[in-house]
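Working notes, structure below.
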Ligand SMILES: *Cc1c(COP(=O)(O)O)cnc(C)c1O
């Protein structure tokens with residue numbers, strides 16, 4: 001069957017025809033057949049240069065041979081044990097070696113679970129209830145954090161089924177705005193348990209922190225008995241070995257990971273300072289559990305992934321990111337367009353706005369119609385990016401200069417429609 005028919009059929013059995021909402025773009029999403037390196041191939045026989053890369057995990061491209069080899073070995077000896085394995089220690093040690101704030105790690109199954117547990121831990125550690133979250137930041141699909149602003153009034157749930165009682169302790173403020181933080185903390189510091197932040201916002205496109213903003217957050221949380229949580233589900237192991245905390249030189253109390261850490265398999269992790277981590281059960285009393293926590297297949301894949309992320313990988317990510325962003329900027333300039341090409345290392349996005357983007361509101365100034373035409377034209381020309389203006393594009397180690405050259409030719413066409 002072809003993608004179009006499959007999508008029609010899928011809608012009878014899967015809500016909206018997909019298992020995660022962003023995948024259902026119009027008129028129908030392509031269905032994957034297979035993927036290798038920088039390419040993904042659909043059931044209709046088209047091949048695309050892939051900058052979605054499963055929304056982030058695949059920094060070494062699809063079907064990385066070393067990872068697949070280790071996973072194949074693991075599969076022969078079991079897929080889940082319900083008892084600990086030595087590889088969990090190895091992966092934890094590797095994370096601790098790389099990540100400044102990490103003294104200990106708890107492995108879970110998704111980024112969602114990681115942030116949910118981090119928030120619980122922060123509340124337990126401080127004995128306070130409220131958390132500060134930034135407008136437009138995404139920390140997974142659980143109730144505490146499913147609050148944005150956008151069409152709903154700030155502070156109200158963003159989805160039906162999330163009780164106001166659950167989100168009344170989630171306080172929203174704009175990113176990159178120091179005063180909003182100062183004001184809020186002055187008023188409510190005795191109630192605020194944590195600030196949770198994506199050090200680079202990667203779920204409304206790409207928004208970096210302003211100069212010193214993260215340092216400021218570190219300082220003000222430290223002075224007020226507030227836990228600073230970096231959600232590095234996207235930035236972790238990507239923009240530097242130690243993630244955004246290494247890159248920006250700011251050490252949070254807790255960090256959450258997902259995506260890359262599983263080498264293409266489901267995973268999440270919560271890590272941080274020992275004084276907090278030892279509060280987690282069974283060392284302490286803060287409950288956290290999972291049937292598949294520390295799953296041997298994901299852990300094996302994660303080890304095989306992290307072991308390949310050497311200096312050369314980071315240098316190449318930087319070089320290719322720069323190549324694609326400079327290339328797109330040149331195309332924009334040649335066509336007298338003032339859209340904003342943004343990014344860092346292997347992350348990039350093109351905002352269809354002439355405004356500087358520094359928070360949720362300015363990101364929302366982008367023309368999503370225009371973006372959709374751009375997306376569709378890229379697709380027709382063999383380039384797959386995430387189908388939303390408010391996602392980020394990723395480059396893998398398998399994208400070569402020829403891929404990037406072809407991509408720039410497609411961008412040139414797509415930008416003019
Ligand atoms: C993807 C993402 C999550 C959620 O991770 P899942 O594994 O999809 O649950 C949380 N935080 C950030 C920053 C993310 O990008």
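The values are calculated or read from the model by the stated rules, or taken from the named source; none is laboratory data. This is a predicted model, so every value here is computed, not measured. Cβ: placed from backbone, ideal geometry, glycine included. Neighbour counts: every protein chain shown.
For the range 136-175, a residue qualifies if it is assigned to a loop (DSSP other than H, G, I, E, B), modelled with pLDDT of 90 or more and surrounded by 18 or more Cβ atoms within 10 Å (Cβ to Cβ), and the qualifying residues are 136, 137, 138, 139, 140, 174, 175.
Filtered by the rule that a residue be out of contact with any helix residue (DSSP H, G or I) (no Cβ under 6 Å at 6 or more places or on another chain), under 22 Å from residue 294 (Cβ atoms) and near the ligand (Cβ under 10 Å from one of its atoms), the range 116-150 gives a lone residue, 116.
So that you can scan it fast, the table gives a plain yes or no per residue for (1) buried (at least 20 other Cβ atoms within 10 Å of the Cβ); (2) away from the ligand (no atom under 14 Å from the Cβ); (3) touching a residue at least 60 places away in the same chain (Cβ under 8 Å):
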residue: 234; (1), (2), (3): yes, no, yes
residue: 241; (1), (2), (3): no, yes, yes
residue: 254; (1), (2), (3): yes, no, yes
residue: 259; (1), (2), (3): yes, no, yes
residue: 264; (1), (2), (3): yes, no, yes
residue: 268; (1), (2), (3): yes, no, yes
residue: 271; (1), (2), (3): yes, yes, yes
residue: 279; (1), (2), (3): no, yes, yes
residue: 295; (1), (2), (3): yes, no, yes
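If you check residue 82 against the conditions, is it assigned by TED's automatic domain parsing to the domain that holds residue 268, in contact (Cβ under 8 Å) with a residue 60 or more places away in the chain, farther than 20 Å from residue 379 by Cα and within 24 Å of the chain's Cα centre (by Cα)? In short, no. In this structure, is residue 132 in a strand (DSSP E or B) and closer than 29 Å to residue 179 by Cα? When the stated conditions are applied, residue 132 passes them.
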